[in-house]
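Just below is one structure, and these are the notes that go with it.
The values are calculated or read from the model by the stated rules, or taken from the named source; none is laboratory data. Bear in mind that the values here come from a model prediction, so they are computed numbers and not experimental data. Glycine also receives a Cβ, built like all others from the backbone with ideal geometry; neighbour counts cover every protein chain displayed.
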Amino acid sequence: MNLENAVETVGLTKSYGNVKALDGLSLNVRRGEILVLLGPNGSGKTTLLHLLSTVLKPTSGTAKVMGYDIVKQPLKVRESIGISFQEPRGFWRHKPYHILSFHAAIYGLTGEEKMQVVEKTLRDFDLWPSRNKRFMELSGGQGKRLEVAKLFVHRPGVAVFDEPTAMVDLEGKRMIWDRIRALREAGSTIIVATNEVREAEYLADRISIMKSGKELVTENLRTLKDSITGGDVVEVGLSTAISDQMLQVVTGVPGTVRVLQESESMLKVFVNRSEDWLPQMMFSVQSLGAKVTSIRVSEPSLDDVFLHYTGKVVVKQANA
């Protein structure tokens, strides 16, 4: 295992009969990064998290967490990883304070230290006023915050979050995202599974786009956006009417994919890497004696990236 990686999978597969929930996945998660798994329901995200957390056993392939094999060394894996499940887990009559206290005790916290950690975690996740409510009395958002909060009691080496802000309102989402980033800064490696574009953009160091149990691409957001041919759209206003010669010159600038004339003196140009294309375009236009009077650049969104790779639109979560 590469020492720079906290998690490595090689040909990881999970089948249910003839259906492959995960199909030969080979993926690395670097130590100290936040990797976001982005994909619609059924793409294999949750299956991967359950395999890494030893909740499930693979049909074939291998995976290591912090150097430990998920099949041969499951106890060592469980000592290294923590998972926040998609659905909040708790017995109906247990209370948030007791749930987190029990969780802390499992990981060796006792006495005053345990009490301080549990209280701080409840306050950090806005659960202190609800600490003595029964689990069944919590709102969906409170239950989800409690599920996420479990990982902040013991701060595992690898922290896994399955849709951490589902059922949470906008203010709560931002709070949870900031807590997750702080957990990374404290030394944990983070894996987040989501189908929410905004969550991926806010959290990710790298994004892995998944579909049908396979990883299609894993890169940082900037590289993903740059990978779309003609993804940047540049609207260029010129000081003179656009001639056929001007169209030919702009079309010939390296990186130009498509040119549309919007009006007598306005072009819309689809380009690769607008930051490289713009200086060359301006030089070419000025060589014909014209001046650029306005420039407006829009880059592809993560929605566009996902559509480009999968042919699908990401299904966004609704707020509670």
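The table below lists the values:
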{"quantity": "Complete set of residues in region 186-213 that are basic (Lys, Arg) and either within 13 Å of the chain's Cα centre (by Cα) or surrounded by fewer than 17 Cβ atoms within 10 Å (Cβ to Cβ) (or both)", "calculated": "Arg198, Arg206"}
{"quantity": "Residue in region 5-14 that is touching a Lys or Arg at 6+ places or on another chain (Cβ under 6 Å), assigned to a strand (DSSP E or B), among the acidic types (Asp, Glu) and closer than 23 Å to Glu163 by Cβ present", "calculated": "no"}
{"quantity": "Residues located in region 1-30, provided they are closer than 16 Å to Ser80 by Cβ, at pLDDT 95 or above and more than 22 Å from the chain's Cα centre (by Cα)", "calculated": "none"}
{"quantity": "Residue satisfying all of: in region 130-146; touching a residue at least 12 places away in the same chain (Cβ under 8 Å), of a type in the set (D, E, K, R) and surrounded by fewer than 24 Cβ atoms within 10 Å (Cβ to Cβ); nearest to Arg31 (Cα to Cα) among these", "calculated": "Arg131"}
{"quantity": "Among (1) in a loop (DSSP other than H, G, I, E, B); (2) within 15 Å of Val217 (Cα to Cα), the one test that Gly42 misses", "calculated": "(2)"}
{"quantity": "Total residues in region 74-87, condition free of Cβ contacts under 8 Å to residues at least 60 places away in the same chain and surrounded by 21 or more Cβ atoms within 10 Å (Cβ to Cβ)", "calculated": "1"}
{"quantity": "Test result for Val71, part of a loop (DSSP other than H, G, I, E, B) and free of Cβ contacts under 8 Å to residues at least 24 places away in the same chain", "calculated": "yes"}
{"quantity": "Filter pass, Thr110 being surrounded by fewer than 19 Cβ atoms within 10 Å (Cβ to Cβ), farther than 23 Å from Gly213 by Cα and among the β-branched types (Val, Ile, Thr)", "calculated": "yes"}
{"quantity": "Scope region 16-53; condition buried (at least 20 other Cβ atoms within 10 Å of the Cβ) and under 16 Å from Gly157 (Cβ atoms); matching residues", "calculated": "Val29, Ile34, Leu35, Leu49, Leu52, Ser53"}
{"quantity": "Residue match in region 203-218 (condition: among the hydroxyl-bearing types (Ser, Thr, Tyr) and touching a helix residue (DSSP H, G or I) at 6+ places or on another chain (Cβ under 6 Å))", "calculated": "no"}
{"quantity": "Search result, residues across region 225-248 that are farther than 15 Å from Ser298 by Cα and surrounded by 17 or more Cβ atoms within 10 Å (Cβ to Cβ)", "calculated": "Leu238, Ile242, Met246"}
